[in-house]
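Colleague: The structure that follows is given in the form of structure tokens.
The values are calculated or read from the model by the stated rules, or taken from the named source; none is laboratory data. The structure presented is a predicted model; accordingly, all values stated were derived computationally and were not measured. Because the Cβ atoms are built from the backbone with ideal geometry, glycine has one as well, and the counts that use them run over all protein chains shown. Side chains are part of the model used for accessible areas, which takes the heavy atoms of the whole protein and leaves out ligands, DNA and RNA. Shrake-Rupley method; radii C 1.70, N 1.55, O 1.52, S 1.80 Å.
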Amino acid sequence: MRTLLARWEELGGWVGYGVGQVTTSAFLMLGAAGLPGAGIWPLVLYPGGGRGGSAEVVFQYLATREPFTDRPLRTELLGRVNGLDGVDIPEGKLDLRPNFRLALLEKDGNRDALRPEL
């Protein structure tokens with residue numbers, strides 16, 4: 001995960017952290033840090049506290065933020081995420097917040113495939 005977070009920051013993004021009491025989250029953010037409502041976040045990573053964790057693709061929130069108000073752009077992102085080995089999110093989830101197992105990002109092939117998509 002550290003590699004993924006570092007790559008995100010190299011590309012000009014920043015990581016926002018949740019404030020959960022039991023488990024936290026890492027929001028992969030784009031936009032001005034600290035300005036409420038000014039950013040977008042395509043992925044949220046939840047470590048899972050022993051359950052393996054999950055990566056959530058936040059199509060629901062992307063749909064209300066430019067440029068992702070354009071459904072074909074969200075469909076393209078879905079296709080890229082589904083290109084990861086073991087990920088199969090149905091197109092019917094484009095208005096929701098589907099997730100996949102965080103462990104899938106630990107696979108070298110998936111990690112390498114995701115980097116250019118960021």
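Conditions (1) out of contact with any Ser or Thr (no Cβ under 9 Å at 6 or more places or on another chain); (2) charged (D, E, K, R); (3) at positive phi; (4) touching a residue at least 12 places away in the same chain (Cβ under 8 Å), marked per residue:
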| site | (1), (2), (3), (4) |
| --- | --- |
| TYR46 | no, no, no, yes |
| GLY52 | yes, no, yes, yes |
| THR64 | yes, no, no, no |
| PRO67 | yes, no, no, no |
| LEU73 | yes, no, no, no |
| LEU77 | yes, no, no, yes |
| ASN82 | yes, no, no, no |
| GLY86 | yes, no, yes, yes |
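Colleague: Mind listing just one residue for me: the one in region 28-71 that is among the hydrophobic types (A, V, I, L, M, F, W, C) and over 25 Å from ARG111 (Cα atoms) and, of those, modelled with the highest pLDDT?
Modeller: ALA63
Colleague: Which ones in region 95-114 are open to solvent by less than 70 Å² (accessible area, probe 1.4 Å) and among the charged types (D, E, K, R)?
Modeller: ARG111
Colleague: Just to be sure before I move on: is ARG101 under 14 Å from the mean Cα position of the chain (by Cα) and closer than 19 Å to VAL44 by Cβ in the structure I sent? Please lay out each step first, then the result.
Modeller: Values: under 14 Å from the mean Cα position of the chain (by Cα): yes; closer than 19 Å to VAL44 by Cβ: yes.
Taking the combined requirement at face value, the residue satisfies it.
Colleague: Can you report the number of residues in region 83-94 which are out of contact with any strand residue (DSSP E or B) (no Cβ under 6 Å at 6 or more places or on another chain) and buried (at least 16 other Cβ atoms within 10 Å of the Cβ)?
Modeller: 3
Colleague: Could you please find all residues in region 41-70 being buried (at least 19 other Cβ atoms within 10 Å of the Cβ) and β-branched (Val, Ile, Thr)?
Modeller: VAL44, VAL57, VAL58, listed by residue number.
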